[in-house]
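To start, the structure under review is shown below, and the notes come after it.
The values are calculated or read from the model by the stated rules, or taken from the named source; none is laboratory data. All of these numbers come straight from a predicted model, not from anything done at the bench. Virtual Cβ from ideal backbone geometry, glycine too; neighbours counted across all protein chains shown. Calculation scope for accessible area: heavy atoms of the full protein, side chains included, ligands and nucleic acids excluded. Shrake-Rupley method; radii C 1.70, N 1.55, O 1.52, S 1.80 Å.
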Amino acid sequence: MSYRPAENRYEKMPYRKCGNSGLKLPAISLGLWHNFGGDTPHETKREITQAAFDLGITHFDLANNYGPPPGSAETAFGEILRTDFAGYRDELIISTKAGYQMWDGPYGEWGSRKYLIASCDQSLKRMGLDYVDIFYSHRFDPETPLEETMGALDYIVRSGRALYAGISSYNSEKTREAVAILNDLGTPCVIHQPSYNMFNRWVENDGLKDTLSDLGVGSIAFTPLAQGMLTKKYLKGVPEGSRATQGKSLLPEMLNENTLASIRALNEMAEGRGQTLAQMAIAWVLRGGGITSALIGASKASQVVDCAGAIENLEFSADELAEIDRLSGEANINLWAKSSQTD
């Protein structure tokens, strides 16, 4: 049966202005980092993306290396664009990135002009697109002049390969430098994608949230659920088959007894708010408008539905925020270092 999106898909989802640009993003976006490679049935991918679009989630975020194997997430999403989403391209925001290892040799990763432009072309081919809406430098390259990396983003936009330029996982200092270069080139940086959740607050400690506000740059937070820790999945320990047992981006030692106790206490707090833990975690990331969009991942459609329910209650009292600080601070986890290597 051919897919027809829900007619009421735009009735509930709020859309937030992305920095000083004219681009608006849904408060919740769908990332295809995990569960979109060759190890996931294509029908499951279809169900996940359909559920998202039906809920007004119009932004789908990828990268060249998402899989496994690398590139397979873009290939799968390209098939969905040709079938389920045919005719809806102008209702979608599609983003991709380059920066991590993608192919062998010295030109297959980091931030050189050669790598970024070649990777963008490959991504477009895999997805069957003429352009993406946002193209990111996936990580700062300490061995390539920032002017070269930003110059490549400028070229990618000016050549029509992308509509907007973004950066991911740059610290506050490098973000200011990158934004200044892009402004001088006439291709503003419209968005930054950092990791951010209750357990991982480097964007606050580094000052990045304030920097983005000062510069008028939008933001989309990945890992708002701390790789699944801020869901019901680990309330009773570490189940077999969970991300913590797969050797991917969540280390088993992060789920020690102190962390699990914090997760259980946060879950009780969420229940008191009439939310699931995942919904409260997403609402916390979006609180006060400091983050444009929360970037979720899902292994099944029901998880997308659950996460989308976060928009029903984005408000927190001062006491609630203080209690979340106390509980999450006890976990003493910094996912950024791990995510910056594997995202």
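The table for this structure:
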item	result
Yes/no for TYR164 being surrounded by 21 or more Cβ atoms within 10 Å (Cβ to Cβ) and within 16 Å of VAL217 (Cα to Cα)	yes
Enumeration of residues in segment 62-84 that are touching a helix residue (DSSP H, G or I) at 6+ places or on another chain (Cβ under 7 Å) and hydrophobic (A, V, I, L, M, F, W, C)	LEU62, ALA76, PHE77, ILE80, LEU81
Selection status of ALA63, within 28 Å of SER213 (Cβ to Cβ), modelled with pLDDT of 95 or more, of a type outside the set (Lys, Arg) and part of a helix (DSSP H, G or I)	no
Of the criteria (1) at pLDDT below 80; (2) on the phi > 0 side of the Ramachandran plot; (3) aliphatic (A, V, I, L, M), which one ALA226 fails	(1)
Pair list, Cβ under 7 Å, 6 or more apart: segment 260-278 residue among the charged types (D, E, K, R), other residue at pLDDT below 95	ARG264/LEU235
Every residue from segment 86-120 that is part of a loop (DSSP other than H, G, I, E, B) and under 22 Å from GLN193 (Cβ atoms)	LEU92, GLY99, TYR100, GLN101, MET102, GLY108, GLU109, TRP110, GLY111, SER112
Restricting segment 111-128 to residues that are surrounded by 19 or more Cβ atoms within 10 Å (Cβ to Cβ) and hydrophobic (A, V, I, L, M, F, W, C), the residue that is nearest to THR149 (Cα to Cα)	LEU116
Residue count, segment 275-315 (criterion: over 24 Å from ASN20 (Cβ atoms), within 16 Å of the chain's Cα centre (by Cα) and outside any helix (DSSP H, G or I))	4
Residue in segment 167-182 that is at pLDDT 95 or above, acidic (Asp, Glu) and in contact with a helix residue (DSSP H, G or I) (Cβ under 7 Å, 6 or more places away or on another chain) present	yes
Sole exception among (1) farther than 30 Å from ALA165 by Cα; (2) at pLDDT 95 or above for ASN258, by number	(2)
Residue match in segment 233-243 (condition: crowded, with 20+ Cβ neighbours inside 10 Å, of a type in the set (Phe, Trp, Tyr) and modelled with pLDDT under 95)	yes
Selection from segment 91-110 of residues that are hydrophobic (A, V, I, L, M, F, W, C) and either closer than 30 Å to GLU7 by Cβ or surrounded by fewer than 18 Cβ atoms within 10 Å (Cβ to Cβ) (or both)	LEU92, ILE93, ILE94, TRP103
Any strands (runs of 3 or more DSSP E) falling wholly within segment 3-47 and containing at least 1 residues that are surrounded by 13 or more Cβ atoms within 10 Å (Cβ to Cβ) and of a type in the set (Phe, Trp, Tyr)	15-17
Matching option when the condition is within 19 Å of TYR100 (Cβ to Cβ), touching a His at 6+ places or on another chain (Cβ under 8 Å) and touching a residue at least 24 places away in the same chain (Cβ under 8 Å), among ILE191, ILE167	ILE167
Residue within segment 138-149 that is modelled with pLDDT of 95 or more, out of contact with any Leu (no Cβ under 9 Å at 6 or more places or on another chain), within 26 Å of PRO5 (Cβ to Cβ) and not basic (Lys, Arg) present	no
Selection status of ILE134, assigned to a helix (DSSP H, G or I), in contact with a Phe, Trp or Tyr (Cβ under 6 Å, 6 or more places away or on another chain) and closer than 21 Å to THR75 by Cβ	no
So ALA73, is it outside any loop (DSSP other than H, G, I, E, B), open to solvent by less than 10 Å² (accessible area, probe 1.4 Å) and either among the basic types (Lys, Arg) or touching a residue at least 60 places away in the same chain (Cβ under 8 Å) (or both)	no
Where PHE140 falls short, out of the listed (1) over 17 Å from PRO194 (Cβ atoms); (2) of a type in the set (A, V, I, L, M, F, W, C); (3) within 23 Å of the chain's Cα centre (by Cα)	(1)
Where a residue in segment 103-115 is under 17 Å from SER137 (Cβ atoms) and its partner, wherever it lies, is open to solvent by 100 Å² or more (accessible area, probe 1.4 Å) and in a loop (DSSP other than H, G, I, E, B), with Cβ under 6 Å and at least six apart	LYS114/TYR107; TYR115/TYR107
